[in-house]
Amino acid sequence: MFEAINSIIWSLQSVAFAEPKTDTGLETIKSIIWLIPTLPLAAAFLNGFIALTFLRSKPKSELTATQRGLRYLTSTIGILAIAAALLVSLIVLFFLIGQDKEHKLIQVENIYTWIPSGDFNIKVGFNVDPLTSMMTVVVTTISLLVHIFSTGYMREESGYHRFYTYLPFFTFSMLGLILVNNFLLLYVFWEAVGLSSYLLIGYWFSKKYDWGRLLPSDASKKAFIVNRVGDFGFGLGIMWIFVVMLNHAEGAAKGFDRLNYQNVFQVFEEGSKTGAIDHNTITIIAILLFMGAMGKSAQMPLQVWLPDAMAGPTPVSALIHAATMVTAGVYMVGRVNPIFSLSPEAMTFVAVIGILTAFFGSTVGTTQKDIKAVMAYSTVSQLGYMFFALGVLGWVAAFFHLMTHAFFKGLLFLGCGSIIHSNEETIHEALHKMHLVVKDHNLAEEIEHAIHHDVDPQDMDNMGQLIKKMPLTGWSMVVGAAALAGVPFTAGFWSKDEILGQAFAHGQYPIYIVGLFAALLTAFYSFRMIFSVFFSGDYRLPKAMNRAVARAGGVNAVEFVAQGRKTKPNQVEVIAKESTKNMTFPLVFLGFMSIAAGYVGLPRSIFGGLSVFDSFLEATFEPAFAQVAPKETSAWLTVILLILSGAIALTGVAIAYYMYHQNRDVAPYRARRIAGPLYTISKNKWYFDEAYDLLLVKSGLLFERSLWLFDRYVIDGAVNGTGWVTRQSANYLRKVQTGFVGNYALYITIGLVGVIGLFYLINGI
Amino acid sequence: MIPVSWYLIFSAVLFAIGLTGVLTRRNVLIIFMCVELMMNAVNLTLVAFARSFGTVHFAGDAFVIFVVTVAAAEAAVGLAIIVSLARQQESIDADQIDLLKE
Amino acid sequence: MALEQLVFLVFALLAIVTSLGLVIFKDPVHCALSLVFAFANIAGVYILLGAEFIAAIQVLVYSGAILVLFLFVMMLLQVRPGPSLNRLRFFQSGFGPVLGVAFLVEVVLVVLTSGFVLNGGNITKPNNTQAAKMQAGVEYSVSVNVIQAAGPLTIQGKADGIQPNTVGHTAALGKELYSTYLFPFEVASIILLIAAIGAIVIARRSLVSDEEEDHPKRRGISLGSVPAQGSLQAFEVERQTSQSQRRKEAKKRTVILKK
């Protein structure tokens, strides 16, 4: 360790005193990469310090003016740090774009030797290539927008500063995950994003009621535990890689990092070529690694945590559970493509899991009532798309979709956040006025309880006609939903079509057909949401509140709001209002990106050199392409496929329009009549949670009961017996402790002389 | 030419004398001085070994420097403890202080 | 016997005799002075080892600083001999020297049976061939020890053709300390700082000391001699009286035991 720290000190000195270098380009880039993860980390520490020292978790109303200032300082620090990280990421990205193909890999090696221990050497370093660079830009962009959005969304929260401590910490972990150059560090950051996800899902850990959804405290635990299952496999995979490296990297120099990406890839490639590494070993390692991706990216059968993770604040859902963290699994498979591509079996496994998940997510998404649940299953489904794209060897297509998905899904979630925020404010305002009007304390309590319990601000049944009140949110969400549905000429259209095209090009027709069907469902459920929230019928929230109040025996809730705003009761429709600018700006920006992002990766067979995304990312997947060359459909076929998928998307939109634009109350019954039991299955999310409960929890409890008996009589007996023996013997032994230092020295000396003497007695002189 | 063993035996003698002092004396100050003597004996072996293993590396010498540093720190803190002990217990006799028992 | 060995023996014997003085003398001041001599002699042995810098440190830090600190503390504290409460005192005083000798015998056995003696294990002295082996730009090299460099006492120096080195032990050690051991070196400085702060905190007088209480001015201000109940002052006083009482009781107990 001393050496490492010494080397850091020396390098700092050499930086400070070195003469300016002539080849500035690469060296400068190398010297600024560390800023990308470090800036958010610094922000997290600073905010954590401010939060713990000055603010604690006092409600906003109890804070002094200075403390309020500090509160806003935390968000400002967060935003500035992420913006700076975004700037650095962009510099690196443009530098990489400017390099030719052979020089698109920047390795910043050996910043610091973390574990120098015999054969086990872990060196901290960065591995920056087109994939990394693209991911850092996406992550920092979405993170920045979410940071800005949250200044509005979390405005009234007493844990505002806590939120702004976790959020940069998450960004740091995610950027670390992307940038590191070795498997162990990948695992470390993999867990770090899990931790920040846990903290943010459980942000409202004290919530006692969440309209029948899983409580945030339970949801966070569920997310963490389900991820453990996947990470178990991931950890085993990494250990196995280490074992293989130990056996196959003979003659390695001292301090050889056996888990460094490039080293591992090299050894695996050579080992597989010469047959030194068994093919089955590679397959098993790839599948074990993929288990980690299944947990983190919510693939079947580990998808159960993601919908419940929506218990966190909505900006968190947008950032972590839609745009970035859940794509870590996709990123990991892409990063480890040299190993995955060696095993066609593992790739088939990935493809099958992916297509199953895509299908599952899209079916469940069609029937959910909760707007965030629709989005959550949509995310599960879209992640499935990315994985089957990887599985059919459409490497670049998967990451193209990852990028566009980050934009439009981030947009949709933030839009949901905007709506939910507006609903919550309306409810809050109604309650506030109600307390002013209703003098009877008990009645007021009862009304408040009724509204809190019965009026769910996330329920799509409580929305409708919002497009007139929230035009910015509404129209940007329409753009986002169009991108999700794959309506022609949006970003989602290009990226989804590229995935389907890759499936077609590689001859995976069954997967292509299922993917197309899932795309139909996707278009349907996304526009089902749009029509019921923004266009159909009327705004239902006031009615729902009135019903709740009526049940509690109170007066008209709408009147309270109306009184508060000095309007007459019959003008209540103004109560839903557009969110503030700091919330709508990210929406509009993302809306723009949801269309523009598609035009960097136009189909190559038609547009040729215009497809900059493909040619940029190719460098990363060179090893995979060396195994199986990339395939493309011919220009005409591409056009046909484009038209087909565009038509499918528009069909889905049309069905949604037909069912939900006018008669949305009838629609569920109609759907149930058509689909029969399928509707019930979809509504209950294919009974995954119930099956797990029966298989794992119930039987686990039974097993646990028997263990408890064993524990009670055998273990406790042994433990208590030990205590009894100790106690009895201590009665005598404690007399040895006299309290005089000299006596202890005497004992030590006798022991010392005795041990050396014993050595001579045994070994002879 | 002096064999290493001479140095080692010499320092062993010093160490044993210090050890005896620690065990037999009652005055805390003198016990402390005996500990310093033992530490010196150890320093001597460090330098002797460093010389016998070659002359290019100075691990032993550097170690001695650190031991001396720590000894100085220890002397400062230790004497401060003795002073506060004398003030509180009115004695610096190791045989009258049995606070460790409590 | 070579002159070098003779010098070593003189230093060693003097060091042993004076450190025995440390154990035997009654008056702590005599003990301390005896230890100063022992340290000085050990410094001489360091010079024989070619470690002039450490020898200097030995004299400066040990004989100079640490022991003077000891003498100051002795001056501050008056030792009143009291009865021993330690029931193992007899064992300690009687058995201690035996243990010391036993330990010595064992360690000497270790030294004699280990490879150091069997391999002839001599102190390596730098010579030209060794210096040539070292990397280009020979900077590291222990100087030939002072006695040899001084000239008249040289016994082997001329035969080996050793030139007095331009870079001595101090320079080489310094180089090492500021390169390989840079970090531990910085840590050591922090340790010293902490120790200095710690010593001040520990040895600081308590809030109300005896002298302050006796101070006439203070006495004039304070209302009555009994401190208020529950104050820090009262707590101090109570604790001190209870402690001295306990000690007196303990003394009585031992007296009874002796009878």
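Before moving on, here are some points about what is shown:
- Label zone (A:E62, point 7 Å along Cα-to-C-beta; backbone nitrogen cut-off 20 Å) within the stretch A:185-209: A:203-208.
- Amide H to amide H, with H built 1.01 Å from N, A:I122 comes under 5 Å of A:W114, A:I115, A:S117, counting only residues 5 or more places away or on other chains.
- Here each label is just a point 7 Å from Cα along the line to Cβ, and for B:E102 and A:T580 those points are 6.0 nm apart.
- Label point at B:R87 placed 7 Å out along Cα→Cβ; residues across the stretch C:179-205 whose backbone nitrogen lies under 20 Å: C:194-205
- If R0 equals 22 Å, the separation of the Cβ atoms of A:N442 and A:S217 corresponds to a calculated FRET efficiency of about 0.15.
- A:T38-C:L88 pseudo-label distance in nm [points 7 Å out on the Cα-to-Cβ vector]: 5.4 nm
- Cβ crowding within 10 Å averaged over residues, with B:33-46, A:329-342 ranked highest first: A:329-342, B:33-46
- Chain A, relative contact order [Cα under 8 Å, separation at least 6], %: 12 percent
- Estimated D of the stretch B:4-101 in µm² per second, where Rh is the Kirkwood radius over Cα pairs and Stokes-Einstein applies at 10 °C, 1.306 mPa s: 106 µm²/s
- Put simply, the amide H of A:E618, placed in the peptide plane, has no neighbours under 5 Å, leaving out anything fewer than 5 places away on its chain.
- With coordinates expressed along the principal axes, the C-alpha atoms belonging to the stretch C:1-79 extend over 48, 26, 10 Å, beginning with the largest.
- Inverse of mean 1/r across different Cα pairs in the stretch A:489-552, Kirkwood, Å: 14.9 Å
- With 18 Å as the limit on Cα-Cα distance, the pairs of A:K735/B:K101; A:K58/A:K207; A:K207/A:K439 that go past it are A:K207/A:K439.
- Cβ-derived FRET efficiency at R0 60 Å, A:E27 paired with A:R705, nearest 0.05: 0.40
- Chain A: calculated mean residue ellipticity at 222 nm from DSSP helix runs of at least 4, using -39500 (n - 2.57): -23000 deg cm²/dmol
- When the Cα convex hull of the stretch A:276-365 is projected onto planes of every orientation, the mean area is 5.9 nm².
- Stretch gain in nm, segment A:H452-A:N763, where the contour uses 0.36 nm per residue and the Cα spacing is subtracted: 103.8 nm
- Per residue, the convex hull around the alpha carbon atoms of chain A comes to 258 Å³.
- Potential extension, A:D119-A:T680 segment - 0.36 nm per residue separation minus Cα distance: 196.4 nm
- In the structure shown, the pairs A:K369/A:K469; A:K409/A:K683; A:K631/A:K685 are assessed against 25 Å; a Cα-Cα span above that value is assigned to A:K631/A:K685.
- Spin-label proximity, A:L195 to the stretch A:168-187 - amide N less than 11 Å from point 7 Å beyond Cα toward beta carbon: A:170, A:173
- Cα-based convex hull volume of the stretch A:427-538 per residue, rounded to whole Å³: 120 Å³
- Computed from the alpha carbon atoms alone, the convex hull of the stretch A:687-763 holds 232 Å³ per residue.
Computed from the coordinates by the stated procedures, all read-outs in this text should not be read as laboratory data. Since this is a predicted model, take the numbers as computed values, not measurements. In this analysis, Cβ positions are derived from the backbone assuming ideal geometry, glycine residues included, and neighbour counts consider all displayed protein chains.
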